[in-house]
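Have a look at the structure below before the remarks.
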Amino acid sequence: MTSVTPETAAAEPVAPKKKPLVDHLRFHKAHAHLTATFGNDTFALKAEAFARFFGTPTFLGAQTLIVALWIGANVVGLTHFDVYPFILLNLAFSLQAAYAAPLILLAQTRQAARDKANADADALHREALAVANEQRMADAAHNSQLMLELLEQNTRLTEMTKGLTERIENLTQDMHQHFVKKPLGQ
């Protein structure tokens, strides 16, 4: 068993205390499974990307161009696969709607679930911050009370020191008068 002396304590290297890393997303991890709308496999990712693509300007522009070419080619007579009243085009729109609507609804439902999960995690985070803040405020109030008590003790000790110093001075003067004789001419 080794004893620690001030010399050996000063010679031993002291590792600095590391502040623990705080994971700022710890409240969101419980909801990580909600990231992909249809799962995480290739089909699911493609289906979600397709559902998200439906509302983009690129999709609307491309669909408008295809419909214009379709109608134009059939009206002008370049082709006759879908003549007026464009029954095949109507069937294509119906088929597109039959697949698009469920995909979009599923994406919206899952996005709402993700938004709710994130809002819940944020609420938990705000609650944890509020609790930590209350604890810090209580600690600060306690430390303030301790500081006041220490200041009062310091004031009492200073007053006692002053009193003792005055007594020592008086005793010193008394001893000086008692032991030191005054010269006769004075």
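The values are calculated or read from the model by the stated rules, or taken from the named source; none is laboratory data. Since we're looking at a predicted model, the values are computed, not measured. Here the Cβ is made from the backbone with ideal geometry for all residues, glycine too, and neighbour counts use every protein chain on show.
Points to keep in mind about this one:
- Residue match in segment 114-128 (condition: of a type outside the set (Gly, Ala, Ser), modelled with pLDDT under 85, within 29 Å of residue 46 (Cβ to Cβ) and touching a Ser or Thr at 6+ places or on another chain (Cβ under 6 Å)): no
- Residues of segment 71-122 that are farther than 28 Å from residue 48 by Cα and either of a type in the set (Asp, Glu) or in a helix (DSSP H, G or I) (or both): 71, 72, 73, 74, 75, 76, 82, 87.
- Looking across segment 39-67 at every residue that is assigned to a loop (DSSP other than H, G, I, E, B) and either farther than 21 Å from residue 116 by Cα or over 28 Å from the mean Cα position of the chain (by Cα) (or both), the one that is modelled with the lowest pLDDT is identified as 41.
- The single condition among (1) of a type in the set (Gly, Ala, Ser); (2) surrounded by 11 or more Cβ atoms within 10 Å (Cβ to Cβ); (3) out of contact with any helix residue (DSSP H, G or I) (no Cβ under 7 Å at 6 or more places or on another chain) that residue 144 does not satisfy is (2).
- Filtered residues of segment 145-184 (kept if assigned to a helix (DSSP H, G or I) and aliphatic (A, V, I, L, M)): 146, 147, 148, 150, 151, 157, 160, 164, 168, 171, 175
- Residue within segment 128-144 that is touching a residue at least 40 places away in the same chain (Cβ under 8 Å), in a helix (DSSP H, G or I) and under 30 Å from residue 53 (Cα atoms) present: no
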